[in-house]
Structures are given as structure tokens and as C-alpha cells.
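Notes for the one structure printed next.
The values are calculated or read from the model by the stated rules, or taken from the named source; none is laboratory data. The model shown is predicted, which means the values in this text are computed figures rather than measured ones. Neighbour counts are summed over all protein chains in view; Cβ atoms, including those assigned to glycine, are modelled from backbone coordinates with ideal geometry.
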Amino acid sequence: MHKKNWRIETQAVQGGYDPKPSEPRIPPITQSTTFKYDSADHVAKLFDLDATDPFYTRLGNPTWDAFEKKIAMMEGGVAALATSSGQAASTISLLNICRAGQHIVTASTLYGGTYSLFANTFPKLGVEVTFIDPNAGEEEIKAAFRPETRALFAETIGNPGLNVLDFEKFSQIARDMQVPLVIDNTFGTPCLCRPFEHGANIVIHSATKYIDGHATSLGGVIIDGGNFDWNNGRYPELTEPDSSYHGLRYTEKFGPMAYIIKARVQYMRDLGMALGPMNAWMFNQGLHTLPLRMERHSVNALALAKHLEKHDCVSWVNYPGLPRHPTYELTKKYLPLGASGVLTFGIKGGTEAGKKFMEACKLIALVVHVGDARSCVLHPASTTHRQLSEEQQKASGVSPDLIRLSVGIEHIDDLIEDVDQALRVSQGG
Ligand SMILES: *Cc1c(COP(=O)(O)O)cnc(C)c1O
């Protein structure tokens, strides 16, 4: 079982959990905080990281394990760590390699919560973050690096700017600057984009979005590509003895899994951003249909984008699958199977028309979410990105007339009908 050469559709349904005779076919929800042992020596081994069985759900749980193994397999990484949210995933993924006094370089086109984490909270912890325009040239981006820079961060598809990342440029910069490239692949999903094949070293997700896919559960995940050489002198926390584990050296003991094991046994242990077993079970369930759903999300979004492009009430449409999109060449290169389910458009009449449009939608719901099987709509300037200054909004790709649609897997004709009637209402007609 667990053949490496399975295609992603097979990994999605069969990967990560391999029951033995008489064990449940479906990974059970192990709703238990703790696990029983008979021997004190065995428990001592667990604490010394010489054994990997579960012993306390803040550090691991069999239901997480099934989810982590499946998503790691689908991304093509060596191992994963489930977290309580996407925010927890980005926080742990970076704090694991970057401490007070150190520095991160990030593309500025980010999810609002990530932008705020980097602009407000990391600096309070002593970690400085420099935001760069992802379209800037290699030399200009490299100029943002400092001797203490420890990671380069970006999203596969910027949210809500919907720019596709130039992986070749970013991974080259990361290699030259000797730091890992950390990618938020929430919008791409492993079904549409494979960051490790394009030079990424760490992938994170808000599992809350497409991985869950049904708007039931909050969670996240960090996947380790196992492809970064931590022995370059810049990551002593991975290569030098850890006094909280009797002088263990992660790279020496765990080889290519050093990063993800350290994230679990240091930061998950100490910060406790642990995923509930029930949510892990929901994500496992969601992953089964992820390849099917991403296909439909992409087909529907492209059809709706093309429809909106021709519409009188619409001044512009932004979808990375449209040939006129500024990063269309990158879409073809990195998302050849589809450009995911999120599109934005400018509504004639600006903010006021935008509000009317959202309220007039009947099938498409006004909710703060993306990646649900159900279509939803949002006005980022007045919601997800409202804490940002106008300048910051611009840098992250948000304008006042921008409407964001997360296109679901309903029938496309029903979606078009709903959008058309709501557009008519938005123009007072
Ligand atoms: C939602 C989202 C996050 C944050 O995830 P939560 O699960 O809400 O904490 C991070 N990145 C992207 C791209 C997102 O869409």
C-alpha cells in the first residue's frame, strides 16, 4: 500500500491510512486527549523522541496522523503537521526558523490575516518583515534581504489580487539567498499546483478552505518538502543541540524531516495551536473529493469570468485563467489544470453598487469565506481588508469597487442567472 506512483486522485481517496484486518475502514475520530501505556520506559522514550506513538493530543493524534500523511503525499512532501487554523500554520511555519532579531521577506499580495500577522504581530515578537512587490525584478527583491533574513514567503495565487506566483524567479532568489521558500498553497491546492516541483521548500494551507471544502471546520497544515539544506550555518536551532530535548540535534536525528519534527515538538508543544480530532476527520473526508471539486471550481470560475467580461455592469474582471490576465503565462505554467475558484471583478457604481449586488444575490451567499462547495461573495475593502490602510489595501491588491466571488460547484447556468439578476439590481434596474 501507499505506493509512491499513485496519481493524486488515488492518493486523495486511498492515501494516508492503511487499516489492518478488523480495523475500521475509515480512520476513526480519536476523540481522546491522551493514550495509555504500560511501561515507564516507553513513556520516557516518547518524551525523548525515540518513539513516535501518540501520547498527548497537543503533539499528535491518530486522526491528525491520517490527515497529515494524506496531504503530505498529495503535495509530494516528506511529512506534515496539522494545526488549529491557517493562521497557526503560517505562524508556526515561520517561527520555527525565525526568531526575535531575524527577518522575513514576503510578497505583499497576501491574505488579509497573513498581512496583519506580518505587519503587526511578528514585529511585536521581534521578527521584522519586508513586503516586496512580487512583480519586481530579481535584483530588487534580493535588495530586501538582510544577513538575518531566514525565509521568503508568498502565496501561489495572491488573495485577493489573484496574481499567480513566478515560482522560478522566487525559488531562484530563495536558493541564491540560502533561505527556504515558504508557499501558502491554499488557493492552488495540490490538485492544481505542486509548489515542491517548482522549488518550494515548505507549503502551508488554510485547510479551512478547499481542503475542508464544505465550510465546516477551521484548521491548517504545514508540509515539509524535505528538500532544504539546513546545514548552511544559518539555522543553528535545527543543527545545534536543543536543550529542551537533552541536547538533541534535529538534522542529525531526523534528516530530511528535521524541520517538521522540530515544528511539532517545539512550537506545537509550547504554543499549543492543536487541531481538534473531529476537524482532522472532516479534512480527511474533504480530501477524498478535492481533485473532483477543484476541477469543477475551476471550470465554473472560468465560465463565470468569461460571462462577466462581456457584461455591461462590469468594468473589469480578474481571473488568472483568462488569457488577458497579467499572469496568464504563469497560470499555464504552474496551474495547467485550472486556475481555482476565486475571481474578482469591478462593479460599475463602486462601493454602493457593490453592496447592492451582494445583498441582491440569492443563490450566492454573502459570507466571509472562500473554497466552499457553495458559491459566496465578499467586498474585501469593507470586510477582510478593512483593518488595512488605503496604502496597504492597494499593495495587497484591493480596490473599492472590487467584488470577490468564490465560485462553487453548483450548475454554472444557475450561477450566471443569479449574478445577472443581482447585477441588474445593483444598477438600480
Ligand atoms: C483563510 C486563509 C488563511 C488563514 O486561514 P484560517 O484557517 O482562516 O486561519 C491563510 N491564507 C489564505 C490564502 C487564506 O485564504
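Selection of segment 241-251 for residues being surrounded by 13 or more Cβ atoms within 10 Å (Cβ to Cβ) and either outside the structural domain of Ser93 (by TED's automatic domain parsing) or part of a helix (DSSP H, G or I) (or both) yields Tyr245, Tyr250, Thr251. Only one entry of Ala263, Ala258, Ala207, Ala174 meets the criterion of being buried (at least 16 other Cβ atoms within 10 Å of the Cβ), more than 16 Å from the ligand (Cβ to nearest atom), under 14 Å from Ala80 (Cβ atoms) and not aromatic (Phe, Trp, Tyr), and that entry is Ala263. Among the residues of segment 108-123, the ones that are among the aliphatic types (A, V, I, L, M), touching a residue at least 60 places away in the same chain (Cβ under 8 Å) and within 12 Å of the ligand (Cβ to nearest atom) come to 1 in all. Contact map, segment 36-58: residues that are among the basic types (Lys, Arg) paired with residues that are in a loop (DSSP other than H, G, I, E, B) and surrounded by 12 or more Cβ atoms within 10 Å (Cβ to Cβ), Cβ distance under 7 Å, separation 6+ or inter-chain. Pairs shown: Lys45/Ala51; Arg58/Ala274.
Confirm whether Asn163 is away from the ligand (no atom under 16 Å from the Cβ), out of contact with any Asp or Glu (no Cβ under 8 Å at 6 or more places or on another chain) and outside the structural domain of Val407 (by TED's automatic domain parsing). The answer is no for Asn163.
Before we move on, is Gly188 over 26 Å from Gly126 (Cα atoms) and within 16 Å of the ligand (Cβ to nearest atom)? It is true that Gly188 is over 26 Å from Gly126 (Cα atoms) and within 16 Å of the ligand (Cβ to nearest atom). Among residues of segment 305-324 that are under 12 Å from Leu343 (Cα atoms) and in contact (Cβ under 8 Å) with a residue 24 or more places away in the chain, those with a Cβ under 9 angstrom from a residue that is buried (at least 21 other Cβ atoms within 10 Å of the Cβ) and among the aromatic types (Phe, Trp, Tyr), sequence gap 6+ or separate chain, pair up as Ala305/Tyr319; Ala305/Phe345; Leu308/Tyr319; Leu308/Phe345; Trp316/Phe345; Val317/Phe345; Asn318/Phe345; Tyr319/Phe345.
For first residues located in segment 235-260 and under 21 Å from Ala151 (Cβ atoms), partners that are assigned to a loop (DSSP other than H, G, I, E, B) and of a type in the set (Gly, Ala, Ser) and lie 6+ apart or on another chain with Cβ distances below 7 Å form the pairs Pro256/Gly226; Met257/Gly226.
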